[in-house]
Amino acid sequence: MKKIFQSFAEIEKHILYVIYAEFFVQLINTTLFSIQLIFMQKNGYSDFEGANFISYRFLGVLLLAVPLGLYIKGRKVKHLFYWSVYASPILALGIVYSIQYHWNTGLIISQFFWGIFFTLIQIPVLPYILRNSKSEKQTEAISLSYSTFSFAGIFGGLLIAGLNKINPELFNEFNLILLIILLSCCGIYFIHKIKYVENIPVLKTKRRDLTDFDWKIIFKGLTPTFIIAVGAGLTIPFISIFFYNVHGLNTDSFSLLNSFGAILVAISALLVPLVKKTVGYKIAIPTTQSFAVLALILLATTQLYAQQKIGVYIAMFCFILRQPLMNIAGPMTSEIVMNYVGKRNQEIVSALTAAIWSGSWFVSSKIFAWLRSLGIQYVYVFLITAMLYGIGVIWYYVLILDYVKREKAGLIESELKIE
(Lines give C-alpha, C1' and ligand atoms only; values in the text may rest on other atoms or scores of the structure.)
Protein backbone atom coordinates (compact mmCIF):
# COMPACT_ATOMS: atom_id res chain seq x y z
CA MET A 1 0.00 0.00 0.00
CA LYS A 2 2.90 2.34 0.80
CA LYS A 3 4.31 1.83 -2.70
CA ILE A 4 0.95 2.72 -4.23
CA PHE A 5 0.76 6.08 -2.43
CA GLN A 6 4.44 6.70 -3.14
CA SER A 7 3.78 6.38 -6.87
CA PHE A 8 1.12 9.09 -6.65
CA ALA A 9 3.41 11.34 -4.59
CA GLU A 10 5.88 11.33 -7.48
CA ILE A 11 3.43 13.09 -9.84
CA GLU A 12 4.78 16.49 -10.91
CA LYS A 13 3.67 19.43 -8.75
CA HIS A 14 2.10 21.41 -11.59
CA ILE A 15 -0.07 18.40 -12.47
CA LEU A 16 -1.08 18.07 -8.81
CA TYR A 17 -2.05 21.75 -8.66
CA VAL A 18 -4.37 21.31 -11.64
CA ILE A 19 -5.91 18.23 -10.00
CA TYR A 20 -6.38 20.11 -6.70
CA ALA A 21 -8.18 22.90 -8.56
CA GLU A 22 -10.29 20.30 -10.34
CA PHE A 23 -11.20 18.86 -6.93
CA PHE A 24 -12.69 22.17 -5.76
CA VAL A 25 -14.75 22.57 -8.93
CA GLN A 26 -15.91 18.98 -8.47
CA LEU A 27 -16.87 19.86 -4.89
CA ILE A 28 -19.66 22.04 -6.29
CA ASN A 29 -20.55 19.39 -8.85
CA THR A 30 -20.88 16.54 -6.33
CA THR A 31 -22.86 18.71 -3.93
CA LEU A 32 -25.35 19.61 -6.65
CA PHE A 33 -25.59 15.94 -7.59
CA SER A 34 -26.11 14.95 -3.98
CA ILE A 35 -28.68 17.39 -2.61
CA GLN A 36 -29.92 19.77 -5.33
CA LEU A 37 -32.95 17.65 -6.28
CA ILE A 38 -33.84 17.11 -2.60
CA PHE A 39 -33.49 20.88 -2.08
CA MET A 40 -35.76 21.49 -5.08
CA GLN A 41 -38.41 19.04 -3.85
CA LYS A 42 -38.45 20.73 -0.45
CA ASN A 43 -38.99 24.02 -2.32
CA GLY A 44 -42.03 22.73 -4.16
CA TYR A 45 -40.55 21.26 -7.35
CA SER A 46 -41.59 17.72 -8.38
CA ASP A 47 -38.92 15.16 -9.26
CA PHE A 48 -39.67 15.40 -12.99
CA GLU A 49 -39.58 19.21 -12.86
CA GLY A 50 -36.19 18.99 -11.17
CA ALA A 51 -34.99 16.59 -13.86
CA ASN A 52 -36.04 19.04 -16.57
CA PHE A 53 -34.14 21.91 -14.96
CA ILE A 54 -30.87 20.07 -14.31
CA SER A 55 -30.84 18.87 -17.93
CA TYR A 56 -29.77 22.37 -18.97
CA ARG A 57 -26.50 21.88 -17.09
CA PHE A 58 -25.68 19.02 -19.45
CA LEU A 59 -26.87 21.00 -22.47
CA GLY A 60 -24.23 23.65 -21.78
CA VAL A 61 -21.47 21.04 -21.86
CA LEU A 62 -22.89 19.46 -25.00
CA LEU A 63 -22.88 22.68 -27.02
CA LEU A 64 -19.35 23.70 -26.00
CA ALA A 65 -17.57 20.34 -25.96
CA VAL A 66 -16.69 19.82 -29.62
CA PRO A 67 -15.82 23.48 -30.39
CA LEU A 68 -13.61 23.45 -27.29
CA GLY A 69 -11.93 20.23 -28.43
CA LEU A 70 -11.07 21.85 -31.76
CA TYR A 71 -9.93 25.06 -30.05
CA ILE A 72 -7.42 23.41 -27.69
CA LYS A 73 -5.74 21.45 -30.48
CA GLY A 74 -2.21 22.82 -30.65
CA ARG A 75 -2.95 25.54 -28.09
CA LYS A 76 -2.26 26.22 -24.42
CA VAL A 77 -5.09 25.17 -22.12
CA LYS A 78 -4.00 26.43 -18.68
CA HIS A 79 -5.83 29.76 -19.04
CA LEU A 80 -9.12 27.87 -19.40
CA PHE A 81 -8.69 26.50 -15.89
CA TYR A 82 -8.74 30.08 -14.55
CA TRP A 83 -12.13 30.74 -16.13
CA SER A 84 -13.52 27.56 -14.62
CA VAL A 85 -12.40 28.09 -11.02
CA TYR A 86 -13.57 31.72 -10.99
CA ALA A 87 -16.94 31.31 -12.74
CA SER A 88 -18.13 28.00 -11.22
CA PRO A 89 -18.78 29.41 -7.70
CA ILE A 90 -20.53 32.51 -9.07
CA LEU A 91 -22.86 30.50 -11.28
CA ALA A 92 -23.53 28.02 -8.49
CA LEU A 93 -24.78 30.95 -6.42
CA GLY A 94 -27.15 31.71 -9.29
CA ILE A 95 -28.47 28.14 -9.17
CA VAL A 96 -29.14 28.05 -5.43
CA TYR A 97 -30.75 31.51 -5.23
CA SER A 98 -32.90 30.80 -8.29
CA ILE A 99 -34.24 27.66 -6.60
CA GLN A 100 -34.80 29.46 -3.31
CA TYR A 101 -36.84 32.23 -4.94
CA HIS A 102 -38.40 30.09 -7.71
CA TRP A 103 -36.86 32.15 -10.49
CA ASN A 104 -37.07 29.49 -13.17
CA THR A 105 -35.51 31.57 -15.95
CA GLY A 106 -32.52 32.34 -13.75
CA LEU A 107 -32.26 28.65 -12.84
CA ILE A 108 -32.09 27.61 -16.50
CA ILE A 109 -29.52 30.29 -17.34
CA SER A 110 -27.26 29.61 -14.36
CA GLN A 111 -27.41 25.83 -14.86
CA PHE A 112 -26.63 26.20 -18.56
CA PHE A 113 -23.60 28.42 -18.01
CA TRP A 114 -22.40 26.40 -15.03
CA GLY A 115 -22.14 23.42 -17.38
CA ILE A 116 -20.15 25.50 -19.85
CA PHE A 117 -17.59 26.76 -17.32
CA PHE A 118 -17.31 23.33 -15.71
CA THR A 119 -16.36 22.06 -19.17
CA LEU A 120 -13.40 24.45 -19.27
CA ILE A 121 -11.61 22.26 -16.75
CA GLN A 122 -13.29 18.93 -17.47
CA ILE A 123 -12.21 18.66 -21.12
CA PRO A 124 -8.71 20.22 -21.17
CA VAL A 125 -7.46 18.44 -18.02
CA LEU A 126 -6.83 15.08 -19.70
CA PRO A 127 -4.94 16.54 -22.71
CA TYR A 128 -2.97 18.72 -20.26
CA ILE A 129 -1.91 15.62 -18.30
CA LEU A 130 -1.03 13.67 -21.43
CA ARG A 131 1.03 16.56 -22.82
CA ASN A 132 2.85 17.61 -19.65
CA SER A 133 3.33 14.59 -17.38
CA LYS A 134 6.00 11.94 -17.48
CA SER A 135 4.89 8.91 -19.49
CA GLU A 136 5.60 6.58 -16.56
CA LYS A 137 3.30 8.66 -14.32
CA GLN A 138 0.39 9.20 -16.70
CA THR A 139 -1.70 6.33 -15.32
CA GLU A 140 -1.33 7.69 -11.78
CA ALA A 141 -2.13 11.24 -12.88
CA ILE A 142 -5.18 10.18 -14.89
CA SER A 143 -6.42 7.99 -12.02
CA LEU A 144 -5.98 10.82 -9.51
CA SER A 145 -7.75 13.30 -11.78
CA TYR A 146 -10.56 10.82 -12.33
CA SER A 147 -10.91 10.31 -8.58
CA THR A 148 -11.42 14.03 -7.81
CA PHE A 149 -15.16 13.46 -8.20
CA SER A 150 -14.95 10.77 -5.52
CA PHE A 151 -12.74 12.73 -3.14
CA ALA A 152 -15.03 15.73 -3.51
CA GLY A 153 -18.01 13.48 -2.79
CA ILE A 154 -16.30 12.16 0.36
CA PHE A 155 -15.39 15.57 1.73
CA GLY A 156 -18.63 17.28 0.78
CA GLY A 157 -20.82 14.38 1.86
CA LEU A 158 -19.24 14.07 5.31
CA LEU A 159 -19.39 17.83 5.81
CA ILE A 160 -23.04 18.03 4.77
CA ALA A 161 -24.07 14.99 6.84
CA GLY A 162 -22.20 16.16 9.93
CA LEU A 163 -23.41 19.76 9.92
CA ASN A 164 -27.00 18.84 9.01
CA LYS A 165 -27.04 16.34 11.86
CA ILE A 166 -25.78 18.94 14.33
CA ASN A 167 -28.33 21.60 13.41
CA PRO A 168 -30.72 20.77 10.53
CA GLU A 169 -32.40 24.18 10.70
CA LEU A 170 -29.21 26.24 10.51
CA PHE A 171 -27.43 23.85 8.14
CA ASN A 172 -30.30 23.27 5.73
CA GLU A 173 -29.74 22.52 2.05
CA PHE A 174 -29.61 26.20 1.10
CA ASN A 175 -26.94 27.14 3.64
CA LEU A 176 -24.95 23.96 3.05
CA ILE A 177 -24.66 24.63 -0.68
CA LEU A 178 -23.58 28.20 0.08
CA LEU A 179 -20.86 26.87 2.40
CA ILE A 180 -19.61 24.45 -0.26
CA ILE A 181 -19.51 27.26 -2.82
CA LEU A 182 -17.37 29.33 -0.45
CA LEU A 183 -14.95 26.42 0.08
CA SER A 184 -14.72 25.80 -3.66
CA CYS A 185 -13.01 29.18 -4.08
CA CYS A 186 -9.82 27.50 -2.80
CA GLY A 187 -9.40 26.22 -6.37
CA ILE A 188 -8.39 29.74 -7.36
CA TYR A 189 -5.35 29.52 -5.07
CA PHE A 190 -4.04 26.31 -6.63
CA ILE A 191 -4.48 27.49 -10.21
CA HIS A 192 -2.36 30.55 -9.44
CA LYS A 193 0.42 28.30 -8.08
CA ILE A 194 0.99 26.73 -11.52
CA LYS A 195 4.15 28.26 -12.99
CA TYR A 196 4.91 25.45 -15.43
CA VAL A 197 5.41 26.33 -19.09
CA GLU A 198 3.11 24.06 -21.08
CA ASN A 199 4.25 21.64 -23.75
CA ILE A 200 2.19 22.37 -26.84
CA PRO A 201 2.01 19.79 -29.65
CA VAL A 202 2.90 21.09 -33.10
CA LEU A 203 -0.21 21.87 -35.12
CA LYS A 204 0.28 20.32 -38.56
CA THR A 205 -3.20 20.95 -39.94
CA LYS A 206 -5.97 23.51 -39.54
CA ARG A 207 -7.98 23.24 -36.34
CA ARG A 208 -11.24 23.14 -38.24
CA ASP A 209 -10.04 20.48 -40.64
CA LEU A 210 -12.29 17.62 -39.54
CA THR A 211 -10.73 15.35 -42.18
CA ASP A 212 -7.55 15.30 -40.09
CA PHE A 213 -9.16 12.89 -37.61
CA ASP A 214 -9.53 9.11 -37.88
CA TRP A 215 -13.30 9.09 -37.54
CA LYS A 216 -13.71 5.34 -37.99
CA ILE A 217 -11.33 4.66 -35.11
CA ILE A 218 -12.90 7.42 -33.00
CA PHE A 219 -16.36 5.97 -33.59
CA LYS A 220 -15.23 2.50 -32.52
CA GLY A 221 -13.49 3.85 -29.44
CA LEU A 222 -16.40 5.99 -28.23
CA THR A 223 -19.36 3.70 -28.97
CA PRO A 224 -19.32 1.86 -25.61
CA THR A 225 -18.92 5.21 -23.83
CA PHE A 226 -22.06 6.47 -25.57
CA ILE A 227 -24.12 3.41 -24.63
CA ILE A 228 -23.08 3.52 -20.97
CA ALA A 229 -23.54 7.30 -20.79
CA VAL A 230 -27.15 7.09 -21.99
CA GLY A 231 -27.88 4.50 -19.33
CA ALA A 232 -26.07 6.42 -16.61
CA GLY A 233 -28.06 9.56 -17.39
CA LEU A 234 -31.26 7.77 -16.44
CA THR A 235 -29.94 6.85 -13.00
CA ILE A 236 -26.92 8.66 -11.54
CA PRO A 237 -28.40 12.20 -11.31
CA PHE A 238 -31.55 10.81 -9.66
CA ILE A 239 -30.17 8.36 -7.08
CA SER A 240 -30.67 10.94 -4.31
CA ILE A 241 -34.43 11.32 -4.95
CA PHE A 242 -34.75 7.52 -5.34
CA PHE A 243 -33.52 7.09 -1.78
CA TYR A 244 -35.50 10.15 -0.60
CA ASN A 245 -38.85 9.14 -2.13
CA VAL A 246 -38.60 5.34 -1.99
CA HIS A 247 -36.61 4.66 1.19
CA GLY A 248 -37.07 7.92 3.11
CA LEU A 249 -33.38 8.94 3.33
CA ASN A 250 -33.04 12.66 4.02
CA THR A 251 -30.13 14.97 3.19
CA ASP A 252 -27.91 13.94 6.11
CA SER A 253 -28.42 10.20 5.66
CA PHE A 254 -27.93 10.18 1.90
CA SER A 255 -24.89 12.47 2.10
CA LEU A 256 -23.29 10.12 4.61
CA LEU A 257 -24.11 7.13 2.41
CA ASN A 258 -22.76 8.93 -0.64
CA SER A 259 -19.56 9.75 1.22
CA PHE A 260 -18.99 6.15 2.20
CA GLY A 261 -19.53 5.05 -1.39
CA ALA A 262 -17.17 7.77 -2.59
CA ILE A 263 -14.48 6.53 -0.21
CA LEU A 264 -14.63 3.12 -1.85
CA VAL A 265 -14.61 4.73 -5.29
CA ALA A 266 -11.52 6.77 -4.40
CA ILE A 267 -9.70 3.73 -3.04
CA SER A 268 -10.57 1.72 -6.14
CA ALA A 269 -9.33 4.54 -8.40
CA LEU A 270 -6.01 4.62 -6.55
CA LEU A 271 -5.68 0.87 -7.05
CA VAL A 272 -5.96 1.16 -10.83
CA PRO A 273 -2.17 1.20 -11.43
CA LEU A 274 -1.85 -1.97 -9.32
CA VAL A 275 -4.65 -3.65 -11.28
CA LYS A 276 -2.92 -2.65 -14.50
CA LYS A 277 0.29 -4.38 -13.42
CA THR A 278 -1.34 -7.57 -12.14
CA VAL A 279 -4.43 -8.86 -13.96
CA GLY A 280 -4.44 -6.48 -16.91
CA TYR A 281 -7.34 -4.53 -18.39
CA LYS A 282 -8.77 -7.43 -20.40
CA ILE A 283 -9.90 -9.14 -17.19
CA ALA A 284 -10.41 -6.15 -14.90
CA ILE A 285 -12.74 -4.02 -17.05
CA PRO A 286 -15.49 -6.52 -17.99
CA THR A 287 -15.38 -8.24 -14.59
CA THR A 288 -15.83 -5.13 -12.46
CA GLN A 289 -18.43 -3.65 -14.80
CA SER A 290 -20.48 -6.86 -14.88
CA PHE A 291 -20.69 -7.03 -11.09
CA ALA A 292 -21.64 -3.34 -11.07
CA VAL A 293 -24.57 -4.05 -13.40
CA LEU A 294 -25.75 -6.84 -11.07
CA ALA A 295 -25.55 -4.48 -8.08
CA LEU A 296 -27.65 -1.89 -9.94
CA ILE A 297 -30.33 -4.46 -10.72
CA LEU A 298 -30.51 -5.49 -7.06
CA LEU A 299 -30.63 -1.83 -5.98
CA ALA A 300 -33.45 -0.96 -8.40
CA THR A 301 -35.62 -3.91 -7.41
CA THR A 302 -35.62 -2.89 -3.73
CA GLN A 303 -38.49 -0.56 -4.65
CA LEU A 304 -40.66 -3.65 -5.11
CA TYR A 305 -40.32 -4.45 -1.39
CA ALA A 306 -39.49 -1.00 -0.03
CA GLN A 307 -42.10 -1.38 2.72
CA GLN A 308 -39.91 -4.05 4.31
CA LYS A 309 -37.09 -2.68 6.46
CA ILE A 310 -34.49 -4.90 4.81
CA GLY A 311 -35.13 -3.14 1.49
CA VAL A 312 -33.33 0.07 2.43
CA TYR A 313 -30.30 -1.86 3.75
CA ILE A 314 -30.00 -3.90 0.56
CA ALA A 315 -30.37 -0.70 -1.49
CA MET A 316 -27.63 1.03 0.51
CA PHE A 317 -25.30 -1.97 0.27
CA CYS A 318 -25.79 -2.26 -3.51
CA PHE A 319 -25.33 1.50 -3.93
CA ILE A 320 -21.95 1.60 -2.19
CA LEU A 321 -20.89 -1.63 -3.93
CA ARG A 322 -21.90 -0.52 -7.43
CA GLN A 323 -19.98 2.74 -7.30
CA PRO A 324 -16.42 1.41 -6.91
CA LEU A 325 -17.06 -1.53 -9.22
CA MET A 326 -18.21 0.72 -12.06
CA ASN A 327 -15.80 3.54 -11.39
CA ILE A 328 -12.65 1.44 -11.11
CA ALA A 329 -13.02 0.81 -14.82
CA GLY A 330 -13.24 4.53 -15.63
CA PRO A 331 -9.54 5.42 -15.68
CA MET A 332 -8.75 2.13 -17.42
CA THR A 333 -11.27 2.61 -20.21
CA SER A 334 -10.19 6.28 -20.61
CA GLU A 335 -6.55 5.30 -21.02
CA ILE A 336 -7.38 2.49 -23.43
CA VAL A 337 -9.59 4.71 -25.59
CA MET A 338 -7.00 7.52 -25.63
CA ASN A 339 -4.26 5.13 -26.73
CA TYR A 340 -6.60 3.33 -29.13
CA VAL A 341 -7.45 6.51 -31.08
CA GLY A 342 -3.84 7.78 -31.22
CA LYS A 343 -2.22 11.10 -30.32
CA ARG A 344 -3.64 13.22 -33.13
CA ASN A 345 -7.20 12.31 -32.11
CA GLN A 346 -6.86 12.75 -28.34
CA GLU A 347 -8.05 16.38 -27.98
CA ILE A 348 -11.16 15.81 -30.08
CA VAL A 349 -11.86 12.51 -28.30
CA SER A 350 -11.63 14.24 -24.91
CA ALA A 351 -14.11 16.82 -26.17
CA LEU A 352 -16.41 14.22 -27.74
CA THR A 353 -16.36 12.17 -24.53
CA ALA A 354 -17.61 15.17 -22.57
CA ALA A 355 -20.17 15.90 -25.30
CA ILE A 356 -21.38 12.30 -25.25
CA TRP A 357 -21.79 12.23 -21.48
CA SER A 358 -23.47 15.60 -21.28
CA GLY A 359 -25.51 15.19 -24.44
CA SER A 360 -26.78 11.78 -23.43
CA TRP A 361 -27.47 13.00 -19.89
CA PHE A 362 -29.42 15.95 -21.31
CA VAL A 363 -31.55 13.57 -23.37
CA SER A 364 -31.72 11.00 -20.56
CA SER A 365 -32.86 13.66 -18.07
CA LYS A 366 -35.68 14.60 -20.45
CA ILE A 367 -36.60 10.91 -20.83
CA PHE A 368 -36.48 10.43 -17.05
CA ALA A 369 -38.76 13.45 -16.56
CA TRP A 370 -41.17 12.13 -19.19
CA LEU A 371 -41.25 8.61 -17.71
CA ARG A 372 -41.79 9.92 -14.20
CA SER A 373 -44.55 12.28 -15.39
CA LEU A 374 -46.29 9.16 -16.72
CA GLY A 375 -45.97 7.54 -13.32
CA ILE A 376 -43.33 4.96 -14.30
CA GLN A 377 -41.64 3.67 -11.14
CA TYR A 378 -37.94 4.22 -10.49
CA VAL A 379 -37.27 0.48 -10.60
CA TYR A 380 -38.20 0.19 -14.27
CA VAL A 381 -36.26 3.31 -15.25
CA PHE A 382 -33.16 1.97 -13.49
CA LEU A 383 -33.53 -1.44 -15.13
CA ILE A 384 -33.29 0.29 -18.52
CA THR A 385 -29.93 1.60 -17.32
CA ALA A 386 -28.84 -1.90 -16.34
CA MET A 387 -29.71 -3.20 -19.81
CA LEU A 388 -27.73 -0.43 -21.51
CA TYR A 389 -24.81 -0.99 -19.14
CA GLY A 390 -24.78 -4.66 -20.11
CA ILE A 391 -24.56 -3.80 -23.81
CA GLY A 392 -21.78 -1.30 -23.08
CA VAL A 393 -19.76 -3.87 -21.11
CA ILE A 394 -19.89 -6.32 -24.02
CA TRP A 395 -18.85 -3.57 -26.46
CA TYR A 396 -15.88 -2.58 -24.27
CA TYR A 397 -14.69 -6.19 -24.34
CA VAL A 398 -14.94 -6.21 -28.14
CA LEU A 399 -12.96 -2.95 -28.19
CA ILE A 400 -10.25 -4.49 -25.99
CA LEU A 401 -9.94 -7.45 -28.37
CA ASP A 402 -9.61 -5.05 -31.31
CA TYR A 403 -7.01 -3.05 -29.35
CA VAL A 404 -4.89 -6.18 -28.87
CA LYS A 405 -5.27 -7.05 -32.55
CA ARG A 406 -4.24 -3.56 -33.70
CA GLU A 407 -1.34 -3.47 -31.24
CA LYS A 408 0.05 -6.76 -32.54
CA ALA A 409 -0.28 -5.44 -36.08
CA GLY A 410 1.85 -2.43 -35.13
CA LEU A 411 -1.01 0.06 -35.57
CA ILE A 412 -0.86 1.15 -31.92
CA GLU A 413 2.24 2.22 -30.05
CA SER A 414 1.55 1.71 -26.36
CA GLU A 415 2.96 0.25 -23.17
CA LEU A 416 -0.43 -0.70 -21.74
CA LYS A 417 -0.77 -4.20 -20.36
CA ILE A 418 -4.09 -5.40 -21.71
CA GLU A 419 -3.73 -9.09 -21.00
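The values are calculated or read from the model by the stated rules, or taken from the named source; none is laboratory data. Note that this is a predicted model, so its numbers are computed, not measured. Using ideal geometry, Cβ is built from the backbone for each residue, glycine included, and neighbour counts are taken over all protein chains shown.
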Scope the stretch 122-148; condition more than 19 Å from L271 (Cβ to Cβ) and touching a Gly at 6+ places or on another chain (Cβ under 7 Å); matching residues: I123
Qualifying residues in the stretch 109-132 (those that are among the β-branched types (V, I, T), in contact (Cβ under 8 Å) with a residue 60 or more places away in the chain and within 17 Å of L70 (Cα to Cα)) - the one surrounded by the fewest Cβ atoms within 10 Å (Cβ to Cβ): T119
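Can you tell me how many residues in the stretch 321-338 are modelled with pLDDT of 85 or more and assigned to a loop (DSSP other than H, G, I, E, B)?
Narrowing the stretch 321-338 to residues modelled with pLDDT of 85 or more: 321-322, 337.
Pick out the ones that are also assigned to a loop (DSSP other than H, G, I, E, B) and you get none.
Qualifying residue count for the region: 0.
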Residues within the stretch 248-257 that are under 22 Å from Q377 (Cα atoms) and surrounded by 20 or more Cβ atoms within 10 Å (Cβ to Cβ), tallied: 3
One residue from F53, F39 being under 23 Å from A161 (Cα atoms), part of a helix (DSSP H, G or I), among the aromatic types (F, W, Y) and in contact with a helix residue (DSSP H, G or I) (Cβ under 6 Å, 6 or more places away or on another chain): F39
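Residues checked against (1) surrounded by 20 or more Cβ atoms within 10 Å (Cβ to Cβ); (2) in contact (Cβ under 8 Å) with a residue 40 or more places away in the chain:
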{"site": "I154", "(1), (2)": "yes, yes"}
{"site": "A161", "(1), (2)": "yes, yes"}
{"site": "Y189", "(1), (2)": "no, no"}
{"site": "K195", "(1), (2)": "no, yes"}
Lone unmet requirement of (1) within 14 Å of V379 (Cα to Cα); (2) touching a residue at least 24 places away in the same chain (Cβ under 8 Å); (3) aromatic (F, W, Y) for F260: (1)
Selection within the stretch 277-302 - more than 20 Å from I314 (Cβ to Cβ) and under 21 Å from the mean Cα position of the chain (by Cα): Y281, A284, I285, P286, T287, T288, Q289
Residues that are surrounded by fewer than 17 Cβ atoms within 10 Å (Cβ to Cβ) and polar (S, T, N, Q), drawn from the stretch 279-289: T287
Where a residue in the stretch 46-72 is more than 17 Å from W357 (Cα to Cα) and its partner, wherever it lies, is part of a helix (DSSP H, G or I) and basic (K, R), with Cβ under 9 Å and at least six apart: S46/R372; D47/R372; F48/R372
Residue within the stretch 270-285 that is of a type outside the set (A, V, I, L, M, F, W, C), outside any helix (DSSP H, G or I) and either on the phi < 0 side of the Ramachandran plot or in contact with a Cys (Cβ under 7 Å, 6 or more places away or on another chain) (or both) present: no
Selection within the stretch 227-249 - over 16 Å from the mean Cα position of the chain (by Cα) and not in a helix (DSSP H, G or I): H247, G248, L249
Odd one out for W361 among (1) aromatic (F, W, Y); (2) at pLDDT 90 or above; (3) under 16 Å from P237 (Cβ atoms): (2)
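Yes or no, residue by residue, for (1) more than 24 Å from the chain's Cα centre (by Cα); (2) closer than 30 Å to V275 by Cα; (3) modelled with pLDDT of 85 or more; (4) not polar (S, T, N, Q):
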position	(1), (2), (3), (4)
I99	no, no, yes, yes
Q111	no, no, yes, no
T119	no, yes, yes, no
I123	no, yes, no, yes
L126	no, yes, no, yes
A161	no, no, yes, yes
L182	no, no, yes, yes
Failed item, numbered, when C318 is tested on (1) more than 28 Å from I160 (Cβ to Cβ); (2) surrounded by fewer than 22 Cβ atoms within 10 Å (Cβ to Cβ); (3) of a type outside the set (A, V, I, L, M): (1)
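Is it the case that some residue within the stretch 170-177 is part of a helix (DSSP H, G or I), of a type in the set (D, E, K, R) and in contact (Cβ under 8 Å) with a residue 12 or more places away in the chain?
The answer is yes; a qualifying residue exists.
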Qualifying residues in the stretch 375-391 (those that are of a type in the set (S, T, Y) and over 15 Å from A306 (Cβ atoms)) - the one surrounded by the most Cβ atoms within 10 Å (Cβ to Cβ): Y389
Residue match in the stretch 267-278 (condition: surrounded by 21 or more Cβ atoms within 10 Å (Cβ to Cβ) and within 30 Å of F112 (Cα to Cα)): yes
